[in-house]
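This report refers to the structure that appears directly beneath it.
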Amino acid sequence: MNTKLSLFQKITWMKIWIITSWNDNLSLFKFLNRYDHEYLVYYDNLYWPYWDKDFPFIQNRVVDIIKFLKKSWAEKIILPPSLELYFLQNPKLLWTHQSLILPLFQTYLHTYCFQYSLIGKIWIFWDFSDLQVIQDLLKQEEKNYSLTDNQKNIKKFQSPFAYRSKEVTMRKYYLTSLSYSDFMVNKVIKFDMKYFKDAMVDTVIPLNYWYFNYQNTLSKFFNFKKIRFHKLEKLETSFIKLNLKFQSGTYSITIYHTWPIDFFTRQKKLLRLLARGKSIEIKYKKIE
């Protein structure tokens, strides 16, 4: 506990942009709202959802948004997991903008998912566009990862890692009318999990941050001694480690949307979480 508190005390202020086409990266505000940064969310709901489109389309779209964010003096940018890895591994696509990408998922991946893998069998899941590129991205990440002494001594350990993947598509549509806690949504999640439980994987890696809203469902479904899903607190610890040196600041949030924003009028609980007892500024900003 003392170590965690000392890490928290080192938090300094940053201007952080968050790119999302839905409420995926907004799930991160379950811990981001604890830290006094200036958050600017580019909520690209005009192209919702990114994940059922080809990855090259999403890549080009995000490059255009990042160019806009650079003009707004962004200091760091949080992207969905597969996009983050893609731009970190392909710096020429962003030129001088690559240093803006906050390697949140990359840090989580190396520090927890790879390091605590029991036998090197990993399950990755989400939607069409992510699964187009993610296995190649993960194999590239492995080149910068060294097995722990414990992993080297396990005879059955798979090196390089063995990946299993599954496309799961329906829940994003359920959530347009159902809540995260709805019985139907959680039932479908358990159904998807069953495939990988039977496949004897040892690590579960979701490619979308909103799965951390279901971390209790996932944790209860798996035996952590055999199949590990590292919860939101591990993402938070990764975020803490990545803070740079900036002056002190105060908490604020601005949301830029590209289409009618009725989603937020329905999600009053999310608005309270984002605002943290203060007001939120919501603006219309469309990037062609």
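Coordinate-derived values only; no laboratory data. Just so it is clear, the model here is predicted, and its values are computed rather than measured. Cβ: placed from backbone, ideal geometry, glycine included. Neighbour counts: every protein chain shown.
Its relative contact order, with pairs defined as Cα atoms under 8 Å and 6+ residues apart, puts the range 106-236 at 37 percent.
Which of the three applies to the range 106-236, rounded, prolate or oblate, going by the alpha-carbon gyration tensor with a ≥ b ≥ c and a/c under 1.5 meaning rounded? Here the range 106-236 falls in the prolate category. In the range 36-125, which chymotrypsin sites (Phe, Trp or Tyr not before Pro) are in a loop and have at most 14 other Cβ atoms within 10 Å, using DSSP for the loop call? Filter output for the range 36-125: Trp73.
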